[in-house]
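The structure under discussion appears below in the form of structure tokens.
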Amino acid sequence: MPAARPQPAPPPASAGGDDAAAHPGHGAPAPQRRSRSARSSEGSSRRSELIAIAARSFRVKGFDATTTRDIASASGMQSGSPFYHFKSKGELLFAVMEEGMLAALASQQQALDALAQPASAEQRIHALALHHLHVLLTPGNDFIAVMLYEQRALSAHERRRIDDLKNDYERAWAQALQELAEQGRLRAPASLVRLMFFGALHGTLTWYDPAQTLSLPELAAQFTAVFVPPAGTANPIPSPTTGPACAPAPAGRTPRKRT
């Protein structure tokens, strides 16, 4: 139980005792009240703390197994206190994903703005890969893992909102990869490379160990080298109508007719 708030000292005795009784507190400073901005800042800080704690719990235990009592206990609050900020556990799950994506969008733009301009498509992809690794692997960033496994628990409206934010986040990737495709730098269509790139990056959630593997900048460089080969070394992107099943018969041989 928190300590009781100190009470203001009684006013000093006055020669005009009747007047002092008529005006309680006269002659003593009024109790200090926090400003609205201070209360708002405290509420915003508390909300952010709840989101971070919930994200960690949802990642470790799963959405279904996490209770609001777990979240309140981890934040030092009473069991019903989180509902002052969120109407339900589902609303808290949505806030974890939405706030995480908004923060990632802002930091991604900062990473791109920090590049010397004009930046090549390859430089942008490397910066995007490095940024995404930081989003995935920096302690306290649990929203991506939650989004990968718990999005099914969102309402249809909430899923559309998160999908819109994901599309905004991936737009810079799509633009840079399309430029590389037009330069003949990719071995597969840009849209497919983007999906494979994200799949490989997300895999680091299960195996990356900073004590035993590359640093994040080194790892981002390795990922970029795998998906974006040096100029002039990429194989032509195969046409959907070509491949082993449609390969021509070797010269001098006539394909046998099926009976």
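The values are calculated or read from the model by the stated rules, or taken from the named source; none is laboratory data. Every value quoted in this text rests on a predicted model; they were computed, and no experiment measured them. When we count neighbours, we look across all protein chains shown, and the Cβ atoms used for this are built from the backbone with ideal geometry, even at glycine.
Within the set of pairs 6 or more residues apart or between chains, which connect a residue that is under 13 Å from Met97 (Cα atoms) inside segment 52-70 to a residue that is part of a helix (DSSP H, G or I) and acidic (Asp, Glu) with Cβ atoms less than 7 Å apart?
Phe58/Glu150; Phe63/Glu150
Have a look at Arg161, Arg194, Arg152 and point out the one that is within 21 Å of Leu133 (Cβ to Cβ), basic (Lys, Arg) and at pLDDT 90 or above.
Arg194
Could you tell me which residue of segment 189-215 is farthest from Pro139 (Cα to Cα), considering only residues that are surrounded by fewer than 17 Cβ atoms within 10 Å (Cβ to Cβ) and over 22 Å from the mean Cα position of the chain (by Cα)?
Result: Pro189.
Checking the structure you have, find out if any residue of segment 34-46 is modelled with pLDDT under 70, more than 30 Å from Trp173 (Cβ to Cβ) and assigned to a loop (DSSP other than H, G, I, E, B).
Yes - at least one qualifying residue is present in segment 34-46.
Among (1) modelled with pLDDT under 95; (2) under 24 Å from Val226 (Cα atoms), there is one condition Asn141 misses while meeting the rest; what is its number?
The number of the failed condition is (2).
So that you can scan it fast, the table gives a plain yes or no per residue for (1) touching a strand residue (DSSP E or B) at 6+ places or on another chain (Cβ under 6 Å); (2) small (Gly, Ala, Ser); (3) farther than 21 Å from Ser107 by Cα; (4) without any contact (Cβ under 8 Å) to a residue 40 or more places away in the chain:
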site	(1), (2), (3), (4)
His134	no, no, no, no
Pro139	no, no, no, yes
Ala145	no, yes, no, no
Ser155	no, yes, yes, no
Pro189	no, no, yes, no
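Does Arg171 meet the test of being part of a helix (DSSP H, G or I), at pLDDT 90 or above, of a type in the set (D, E, K, R) and exposed (fewer than 15 other Cβ atoms within 10 Å of the Cβ)?
Taking the combined requirement at face value, the residue satisfies it.
Identify all residues within segment 197-224 that are farther than 17 Å from His131 by Cα and assigned to a helix (DSSP H, G or I); write none if there are none.
Thr206, Trp207 - these are the residues of segment 197-224 that are farther than 17 Å from His131 by Cα and assigned to a helix (DSSP H, G or I).
Within the group Leu128, Leu102, Leu93, which residue is under 19 Å from Ala52 (Cα atoms) and buried (at least 16 other Cβ atoms within 10 Å of the Cβ)?
Leu93
Identify, please: which residue in segment 131-168 is of a type in the set (A, V, I, L, M, F, W, C) and loosely packed, with under 13 Cβ neighbours inside 10 Å and is, among those, farthest from Gln222 (Cα to Cα)?
So the residue we want is Ala156.
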